[in-house]
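These notes concern the structure reproduced below.
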Amino acid sequence: MKTIVCIKQVPDTAEVRINPETNTLMRDGVPSIINPYDMHAIEAGLYIKEKTGGSVTVLTMGPPQAEDALRYAISMGVDDAVLLTDRAFAGSDTCATAYILSKAIERLGVDIIICGKQAIDGDTAQVGPEIAEFLDMPHIAYIRKFDDIKDNSIVVQRLMDEGYDVVESSLPVLLTVVRELNDPRMPSLKGKIAAKKAEVKKMSASDIGAGEDDIGLKGSPTQVRDIFAPGTTKDRKILEGAAEEQVDLLLKELTELKCL
Amino acid sequence: MFIRIQKDKCSGCETCIDSCPYDAIVMKDGKAEINELCQICSVCLSVCPEGAIAAIEEDSDKKEKGQGAGVWVFAEHRDGRLADVSLELLGVGGMLAEKRGAELSAVLFGSTEKEAEELIKWGADRVYHCTAEIFSRFNDEAYSRLLSDLIRQYRPEIVLAGATPAGRSFIPRVAARLRTGLTADCTSLDIDSETGNLLQVRPAFGGNIMAAILCPHTRPQMATVRPRVMKRSEYDSGRKGAIIQVTADNITSRTNVIETVKEVSGVALNLQEANIIVAGGRGTDGQKGFDLLFELAGVLDASVAASRAAVDEGWIPYRHQVGQTGKTVGPKLYIACGISGAVQHLVGMQSSDIIVAINKNPDAPIFNVANYCIPGDLFEIVPMLTKKLKEVKGL
């Protein structure tokens, strides 16, 4: 089984803030991590390899420093790594990103593609299903359990609103995974040595045959017009005084609003 | 549109460099220059003291516009009932259609004629309804193929769906197939009065930042909408509209749902349907704090929720968690006790009708979103509130 795991290097979002005066991101000193959901995707790739044999390739699109994320994946046991890096990729939205990844996957060849359910910076959950569409491949989102993996088909459980579905798909297929699926392993000593030695394959726009109209800003249908800090409530009342006064005031207000 | 710096006006002061969230402005030969990282976010337009930064409109901005008409919403249903999110989509979709002077249509896959008629009573002018067997269960490939085909045929200018597990799974396929823009998990939608474009607002970076997104060049403009954020449409039992039966002759799928298993914990359901929620955070200081909250909840017939901090401490199970990585709730009354109000929590409860916050720290961010702010000690205030409510209710 040939598995490709798509990962993303993201800022540790809990620490990203917006400067209320300039309305811009304050990114200084925010560490980069592998998107946490993608750690479960890597573990899923390793699980499939242990079950069925074959290989696991980790793939990312990003600036040259995204190589760090790929090397970490190798230290966990992934066989090889591909970095899609090109200035022409900059500014890609989910549609252009999915197109670029799909062109690379087309060249690499694959039986199973695995992505985390979403990245914690954008939270869109769109790139996975969009890759599947570009490759004309079925996909199953929000996998929480593998029931069966055969040569030509797979049975998994996917998380839904009110429970889960047991879903069967032919191969090749794209899966997106949730945290409940597994516990990502720690890198082994052997893995760490391999990660140091490993050669990370780099691919550019021309290597994957992507046209300039389909990538970067030009290939992105959506545009960010503005960013701003989450708002504050305007009609707020501060209830001052001793505890008993505060409680009485609150009860009076809530009774008037028929909230109780 | 693109952004350009007028070199003759640029004084080289570098003010704009720090304003750019994308590192897209660089200095070259003493003048600022915009590179390919520019996302056209327009933040820099207002910062230049010389007024040297300008937004340039291109002719292609008009490309493909005017070809589409109407607002569509994708209606989900569960067990023969329209899902709440469908009615919320009709609410916001109706507002957008009115501003565009266009019709509001709903697309319904599976389900019965009865639900199609209900959609009209809830505000749809037209319903595109397909009852083919393959749609009896949610199926990504079949759903995305037929919806894409219908969009190609009727060319709506806006298509909305719920940011539910199903919507967030199959709608991206539709957008990729049509090569158009899709904005995930929107919390606010409006029409830009100047351009007529759909203005889509969504949280990003874990809710720390809100982003306004446009899809100016391609149609339809597509968005998934977070459940429980938009107001429902009004129900009118006398409303009339057209139901268009759609066939799906060549639609097949390579995936197959073998079994659907329901697994709803009582609390999750309660939290999302609760009229009143009493929630606790790190300030509850453990079990004894939550005991007080459960007592208050008992008197109010409320459900108990928690912030991630309290869940991570192990004071209360995960199924009570509200926020980015927990549930999104929208009760009539949300009483936040000892919750500081990290944005990750706020995005999960901000749409509550009335928010009361009790916190020792008068500068806690929770007070920014609260309607009633009570700076004080929850260990004093919560038991007092419980006692007085008992008196009022004669318990």
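The values are calculated or read from the model by the stated rules, or taken from the named source; none is laboratory data. Small disclaimer: the values here were computed from a predicted structure and weren't measured. Positions of Cβ are backbone-derived with ideal geometry, glycine not excepted, and every protein chain shown enters the neighbour counts.
Among residues belonging to the range A:136-173 that are more than 10 Å from chain B (Cβ to nearest Cβ) and within 19 Å of the chain's Cα centre (by Cα), point out the one that is nearest to B:ARG137 (Cα to Cα). It comes out as A:ILE143. Considering B:THR224, B:THR218, B:THR195, B:THR187, the condition of being surrounded by 14 or more Cβ atoms within 10 Å (Cβ to Cβ) and modelled with pLDDT of 95 or more is satisfied by B:THR224 alone. Mind checking which residues of the range B:148-197 are more than 7 Å from chain A (Cβ to nearest Cβ), in a strand (DSSP E or B) and among the acidic types (Asp, Glu)? Listed by number, the list holds a single entry, B:ASP190. Inclusion of A:ILE131 among residues that are under 22 Å from B:VAL225 (Cα atoms), surrounded by fewer than 24 Cβ atoms within 10 Å (Cβ to Cβ) and touching a residue at least 60 places away in the same chain (Cβ under 8 Å) is not warranted.
Which residue is farthest from A:LYS201 (Cα to Cα), if the candidates are limited to the range A:113-128 and must be out of contact with any helix residue (DSSP H, G or I) (no Cβ under 6 Å at 6 or more places or on another chain) and at pLDDT 95 or above? It comes out as A:GLY128.
Does B:GLY110 satisfy the criteria of being modelled with pLDDT of 95 or more and in contact with a Ser or Thr (Cβ under 8 Å, 6 or more places away or on another chain)? When the stated conditions are applied, B:GLY110 does not pass them.
Only one of the numbered conditions (1) surrounded by fewer than 16 Cβ atoms within 10 Å (Cβ to Cβ); (2) within 28 Å of the chain's Cα centre (by Cα); (3) within 14 Å of chain A (Cβ to nearest Cβ) is not met by B:THR252, and that is (2).
Could you please let me know if B:PRO375 is closer than 15 Å to A:LEU250 by Cβ, surrounded by fewer than 16 Cβ atoms within 10 Å (Cβ to Cβ) and more than 30 Å from the chain's Cα centre (by Cα)? For B:PRO375, the condition - closer than 15 Å to A:LEU250 by Cβ, surrounded by fewer than 16 Cβ atoms within 10 Å (Cβ to Cβ) and more than 30 Å from the chain's Cα centre (by Cα) - is not met. Taken across the range A:115-128, residues that are hydrophobic (A, V, I, L, M, F, W, C), under 27 Å from B:ASN139 (Cβ atoms) and not in a loop (DSSP other than H, G, I, E, B) do occur, with at least one present. Taken over the range B:17-44, the residue count meeting the criterion of being in contact (Cβ under 8 Å) with a residue 24 or more places away in the chain and within 25 Å of B:ASN197 (Cβ to Cβ) is 8. Taking the stated definitions as given, is B:LYS360 of a type in the set (Lys, Arg) and farther than 22 Å from A:ILE120 by Cβ? Taking the combined requirement at face value, the residue satisfies it. Only strands (runs of 3 or more DSSP E) whose full extent lies in the range A:1-76 are considered here, and the ones with at least 3 residues that are β-branched (Val, Ile, Thr) and modelled with pLDDT of 95 or more are A:2-6, A:55-61. Taking the criterion of being within 7 Å of chain B (Cβ to nearest Cβ), closer than 30 Å to B:GLY376 by Cβ and hydroxyl-bearing (Ser, Thr, Tyr), the residues of the range A:214-260 that qualify are A:THR232, A:THR233. Taking (1) modelled with pLDDT of 95 or more; (2) more than 7 Å from chain A (Cβ to nearest Cβ); (3) out of contact with any Cys (no Cβ under 9 Å at 6 or more places or on another chain); (4) farther than 15 Å from B:ALA309 by Cα in turn, B:LEU378 satisfies each apart from (3). One residue stands out among those in the range B:198-235 that are basic (Lys, Arg), over 23 Å from B:ASP125 (Cβ atoms) and in contact with a strand residue (DSSP E or B) (Cβ under 9 Å, 6 or more places away or on another chain): the one that is farthest from the other protein chains (Cβ to nearest Cβ), which is B:ARG226.
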